[in-house]
Amino acid sequence: MSAGEQPADGWDSSQDAARCALDSSSWLRQTTRAGYAGGVEHASDPSAYPFVFACLRSGNCCAIPDGVVRITARDEAAMAEHLGLTAPAFRSRYVQRGTDRLKDGLGGRCVFLREGRAGAACEVYPARPTQCRTWPYWPELLRSPERLQAALRTCPGITLLDASMRPRQLPDR
């Protein structure tokens with residue numbers, strides 16, 4: 001497999017389209033598209049989550065209108081190198097002026113999201129930001145059943161484990 005190539009997953013978008021309806025809750029607009037509104041926060045142990053995840057390349061996580069993709073200096077350097085750009089050129093073209101977030105692409109989607117016959121693809125997949133790499137293993141999905149339900153509605157690649165398979169239960173309200 002060459003650099004930047006994503007594995008085929010056999011996902012039939014016509015068959016599973018109903019599973020991919022975007023959730024319009026304010027939390028998803030603020031945090032999805034690989035963004036945690038307050039900054040980078042990611043999981044240390046995916047086995048602690050009540051679900052398993054296999055990316056089906058729906059692109060839903062990258063297409064939430066008004067989503068926020070925050071990047072670190074390391075993320076910026078890796079993406080710039082992957083695209084063959086200098087850091088200042090990358091920042092000028094892709095980073096919102098005076099912030100640590102990526103600019104929005106067409107329709108408020110991630111600027112690096114590309115659609116194709118095999119599903120959605122990330123133009124910088126091998127060098128994608130930390131927040132993208134850690135989706136959906138974000139601590140707020142452990143802390144909030146509502147946020148977990150919103151993520152389940154948005155992402156067809158998240159499969160909730162039944163209670164007997166869960167290493168930890170979600171906290172009660």
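Quick note: the coordinates plus some simple rules give every number you see, no bench work behind them. It should be emphasised that the depicted structure is a prediction, and the values quoted were computed from it without experimental measurement. We place every Cβ from the backbone using ideal geometry, glycine too, and count neighbours over all the protein chains shown.
Here are some notes:
- Point-to-point label distance, Glu140-Thr159, nm (Cα→Cβ direction, 7 Å offset): 2.7
- Taking each residue as 0.36 nm, the span from Asp45 to Arg74 lengthens on full extension beyond its C-alpha to C-alpha distance by 8.3 nm.
- Net charge in the neighbourhood of His82 (other residues with Cβ under 10 Å of its Cβ; Lys, Arg +1, Asp, Glu -1) is -1.
- Model label zone, Arg93; criterion: amide N under 16 Å from point 7 Å along Cα-to-beta-carbon; scope the range 47-81: 76-81
- log10 of Debye I(q)/I(0), alpha-carbon scatterers only, for the range 46-88 at 0.26 Å⁻¹: -0.94
- Subtracting the Cα-Cα distance of Arg133 and Leu83 from their residue separation scaled by 0.36 nm leaves 16.2 nm.
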